1. Scan (1) within 25 Å of residue 360 (Cα to Cα); (2) in contact (Cβ under 8 Å) with a residue 12 or more places away in the chain for the single condition residue 426 breaks and write down its number.
2. Report yes if some residue within the range 72-87 is aromatic (Phe, Trp, Tyr) and at pLDDT 95 or above; otherwise report no.
3. Exactly one of these conditions fails for residue 644: (1) under 30 Å from residue 505 (Cα atoms); (2) among the aromatic types (Phe, Trp, Tyr); (3) modelled with pLDDT of 75 or more. Give me its number.
4. Restricting attention to the range 391-426, which residues are under 13 Å from residue 493 (Cα atoms) and surrounded by fewer than 22 Cβ atoms within 10 Å (Cβ to Cβ)?
5. Name the residue, out of 216, 208, that is assigned to a loop (DSSP other than H, G, I, E, B), crowded, with 18+ Cβ neighbours inside 10 Å and at pLDDT 85 or above.
6. Residues in the range 271-314 that are at pLDDT 95 or above and among the polar types (S, T, N, Q): how many?
7. Looking at (1) modelled with pLDDT of 80 or more; (2) β-branched (Val, Ile, Thr); (3) not in a helix (DSSP H, G or I), can you tell me which one residue 442 breaks?
8. Please specify each residue of the range 233-270 satisfying the condition of being modelled with pLDDT under 70, of a type in the set (Lys, Arg) and farther than 19 Å from residue 170 by Cα.
Amino acid sequence: MKYLDKALFIYDELSQHLIETLKNNDYGTEIIAVEKSKFLSDPLEYLSIAQHLLLCGEMQLISQLLEFAYTHSANGQQCTLAFLPLPEQNLLRRSYQLSNKLEDNVEVALRDEMKAINLLECNGKIVHFKAVIGKIPLLKAWHSDASVAAFLQNIFLGVKQFFTLSLDKLTIETEKNRQIKTVASGFFIVNQNRGSHLSRVLHHESSMRSDSLSLMILSPFSVVEYILFLVSLIFHFKKENTLPHAVSNIKSKQISIDVEALLNKESSKMPEVILDEQNHATFPLHFKIIKQAVKINAPEQFWELNPVSVTEKEVIRTDNLPDEKERGKYFKAHLPFFSVASEERFKDLFLQLRIDANINSLYIVLTLLSTLLASLGLFANSAAIVIGAMLLAPLMSPIISFSMGLLRGDENLLISSVIKIALGVSLVMLASTLLTLLLPQVDLSNEIKSRIHPNLIDLGVAVISGIAAAYTKAHKELLNSIAGVAIAVALVPPLAVAGIGIGRGELYVFEGAFLLFVTNLIGITLSTVLTFQFLGFSNTVKSKKSLGIIIIILMLLSYPLYRSYIDSLQRYQLIKSVQSEEVLINKKKILIENAVIEYQNNMKIINMTIVLKKALNEEELQTLKHKIEQRFASQYQIRISMKFIL
């Protein structure tokens with residue numbers, strides 16, 4: 001490896017402690033240390049001694065000398081650079097793939113093998129690291145050398161910006177005169193960024209030796225979409241060769257940006273332009289690449305990540321930008337919290353929901369068939385038959401229509417869907433009641449018993465099912481999944497069990513099953529309303545009074561559901577505590593093999609199986625009964641089955 005004979009070390013107060021270390025280098029290079037002000041007062045005198053500059057100090061000095069080297073080289077004179085980052089200058093180190101160790105960076109800096117790099121220029125100013133236009137909340141903290149305190153301050157300011165996020169009308173023009181009129185919250189160009197996490201997520205692979213610059217455009221349709229964009233940066237939730245929904249990309253040798261219309265015409269406040277976190281520029285902005293602007297020393301990894309790239313082709317990836325028709329819709333005071341769905345999605349979904357809210361013969365037939373099938377499956381204790389009934393049941397569709405009616409305040413949709421739901425509930429209850437009267441001798445099966453004690457878990461299932469139902473309904477490609485949603489929430493079986501309770505004259509069966517149905521209905525409705533709002537079908541809930549009533553009902557339901565959940569938890573813990581327990585009576589070992597709590601005729605019954613070797617006499621049976629009763633509350637009726645080991 002060949003090293004330089006001489007080099008100039010330009011230092012300031014932060015880097016003067018390195019003078020002796022550099023002078024005593026192991027590569028035979030003579031280091032002439034020059035204080036920054038002396039060098040800048042007469043640079044040509046010092047460049048006559050040596051043309052290679054070692055830069056170390058505050059970033060303002062490094063940027064100043066970088067621009068000087070470019071200007072000097074442009075005039076046909078030799079001036080090359082090498083960077084020695086301070087410990088806190090992580091951005092400089094990452095940009096040039098430098099080491100954490102000073103000795104490694106010194107070895108690279110003194111090599112006699114400089115290569116040219118391109119530079120980014122904005123309105124005549126060199127941009128060393130990045131240019132930021134407008135608002136890009138939280139990204140400022142992503143690509144900087146800020147201290148922990150400054151980083152946290154940037155996070156705080158970024159979160160505050162969410163509440164003032166807006167889109168400005170701008171015009172973008174490329175070198176080949178391709179013009180894009182759009183709205184955006186912000187733009188950024190990150191130079192020297194190849195190989196970073198941000199570049200990998202955004203495919204922002206702009207080489208320092210590429211003749212094109214890469215402009216990233218942030219144009220989220222809502223605050224939520226911007227948050228999802230940030231999440232995609234952190235977790236890389238994105239397919240290959242695709243951009244996040246809020247981002248577009250333009251690559252060209254030159255790009256101009258001008259403000260077409262101001263958001264606040266009274267104050268005429270222009271979007272902010274920041275170059276390298278300190279230099280400001282004004283509109284119109286003109287960015288261009290300066291080819292082979294300056295020669296530098298850098299490690300092999302830097303040159304591998306920054307290959308020479310020459311292309312005449314421009315890249316325009318603007319699918320995620322609002323089109324000409326949509327620009328006016330997003331040009332307003334502040335971005336909505338939720339996205340606004342496109343007109344096409346509005347029309348398709350509303351047409352389908354209005355059809356779903358109308359009563360027809362198919363709805364009546366499927367409701368009756370699903371009810372009869374569910375009732376017979378419940379009596380036969382067959383989960384497979386009950387699932388088949390769930391697939392037939394058409395009750396989910398009018399509930400989704402009802403939810404959209406609440407969200408949009410559409411009275412016609414509300415009334416028609418309520419009538420359809422009421423008719424469906426009445427048909428299910430009537431059919432299951434009549435079938436029960438025809439089959440009075442059938443006992444309550446486990447399938448029936450499992451639906452008469454709803455708790456908070458059932459409410460959670462209903463809420464998640466409502467979210468899934470709204471999401472699948474809003475996306476045509478997912479409509480095949482609606483069957484799975486119907487199975488998950490199961491609307492008809494609880495109503496069928498309620499009808500069975502009426503037919504048998506057992507009020508507790510009716511109460512428990514109907515509570516489960518109401519839980520499903522309220523949970524689905526509320527979560528569907530919020531999901532449709534999240535998907536952009538309305539920024540606000542128009543029928544607030546009706547939704548308020550639903551929320552009140554949900555709060556009222558929560559108490560019995562909570563009580564039921566606590567009761568089931570206590571029963572589980574109680575049964576768990578006695579299973580596999582050994583009881584000793586008159587030296588006879590008795591093993592409690594199994595214990596199950598069931599409900600029958602509104603009575604709590606404990607069915608217990610015990611294992612023993614010898615039969616118990618009357619006195620021993622009474623002793624066993626007394627011991628078991630001590631473990632359980634008096635409201636339980638205890639039934640014991642015995643197994644003998646011979």
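1. (2)
2. Yes.
3. (1)
4. If the condition is that a residue be under 13 Å from residue 493 (Cα atoms) and surrounded by fewer than 22 Cβ atoms within 10 Å (Cβ to Cβ), then 391, 392, 394, 425 are the ones that fit.
5. Within the list 216, 208, the selection yields 208.
6. Residues that pass the stated criteria total 1.
7. Every listed condition holds for residue 442 apart from (1).
8. If the condition is that a residue be modelled with pLDDT under 70, of a type in the set (Lys, Arg) and farther than 19 Å from residue 170 by Cα, then 238, 239 are the ones that fit.
The values are calculated or read from the model by the stated rules, or taken from the named source; none is laboratory data. Computed from a predicted structure; not experimentally measured. Here Cβ is always computed from backbone atoms with ideal geometry, including for glycine, and neighbour counts include all displayed protein chains.
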